[in-house]
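Data first, discussion second: the structure below is written as structure tokens.
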Amino acid sequence: MKNSDSILQITCEAFSDEGYMPKRYTGFGEDVSPPFCLLNLSPKAVSVAIIMNDLDIPMVKEYTHWLIWNIPPQKEIPENIPYGPVVQELGNAVQGTAYGKNRYRGPKQPIFIRNTHRYVFHIYTLDCILKLPKDAGRKELLDAIKGHVIQEGSITGRYKR
């Protein structure tokens with residue numbers, strides 16, 4: 001990570017860090033992306049990227065639910081980001097392939113999984129616009145941001161079926 005003037009702090013009006021995510025943001029509800037507030041956003045940021053992972057799937061270190069990059073630097077990321085690979089309403093941000101789709105996919109554990117899962121939203125400010133195909137996955141996104149991260153932060157939501 002590059003040196004930054006400040007630490008990127010992430011808040012969400014829908015849930016606190018390590019708090020429970022409301023059903024609205026899950027596959028059992030409306031399955032819409034939650035809103036985020038980015039505090040201490042660097043004036044050097046050119047774009048923002050988000051990766052959402054489930055940390056509690058057996059035999060999988062992290063299962064990716066959502067990838068989005070090339071979000072214009074802004075203090076607030078709105079909720080309910082539209083589905084599709086290119087989000088015109090968000091400055092032509094790109095949603096990569098996660099959970100088999102180009103969209104946010106919230107928690108939706110199968111009926112046989114009854115334990116609480118942690119969903120971490122990693123948010124990065126970058127010094128560039130990424131040139132990645134719309135079908136890029138987590139590995140491609142992580143490779144592309146190497147050497148371009150100005151700040152990073154995260155917030156974790158929990159959910160139990």
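Here is how the numbers come out for the structure above:
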read-out	value
Residue that is farthest from TRP69 (Cα to Cα) [pool: residues in the range 9-50 that are without any contact (Cβ under 8 Å) to a residue 40 or more places away in the chain and part of a helix (DSSP H, G or I)]	LYS23
Pairs, first over 9 Å from ILE68 (Cα atoms) and open to solvent by less than 50 Å² (accessible area, probe 1.4 Å) in the range 81-98, second aromatic (Phe, Trp, Tyr) and assigned to a loop (DSSP other than H, G, I, E, B), C-beta under 8 Å, six or more apart	ILE81/TYR104
TYR124, sole failed condition from (1) under 25 Å from ASN40 (Cβ atoms); (2) open to solvent by 50 Å² or more (accessible area, probe 1.4 Å)	(2)
Answer from LYS160, LYS146, LYS108 - the residue that is free of Cβ contacts under 8 Å to residues at least 12 places away in the same chain and open to solvent by 30 Å² or more (accessible area, probe 1.4 Å)	LYS146
Only one of ILE113, ILE57 that is open to solvent by 10 Å² or more (accessible area, probe 1.4 Å), out of contact with any Lys or Arg (no Cβ under 7 Å at 6 or more places or on another chain), aliphatic (A, V, I, L, M) and within 21 Å of GLU18 (Cα to Cα)	ILE57
Criterion: at pLDDT 95 or above, over 22 Å from THR11 (Cα atoms) and of a type outside the set (A, V, I, L, M, F, W, C) - qualifying residue of GLY147, GLY153, GLY100	GLY147
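The values are calculated or read from the model by the stated rules, or taken from the named source; none is laboratory data. Being a predicted model, the structure only gives us computed values, none of them experimental. Glycine also receives a Cβ, built like all others from the backbone with ideal geometry; neighbour counts cover every protein chain displayed. SASA here: full protein model, heavy atoms, side chains in, ligands and nucleic acids out. Shrake-Rupley method; radii C 1.70, N 1.55, O 1.52, S 1.80 Å.
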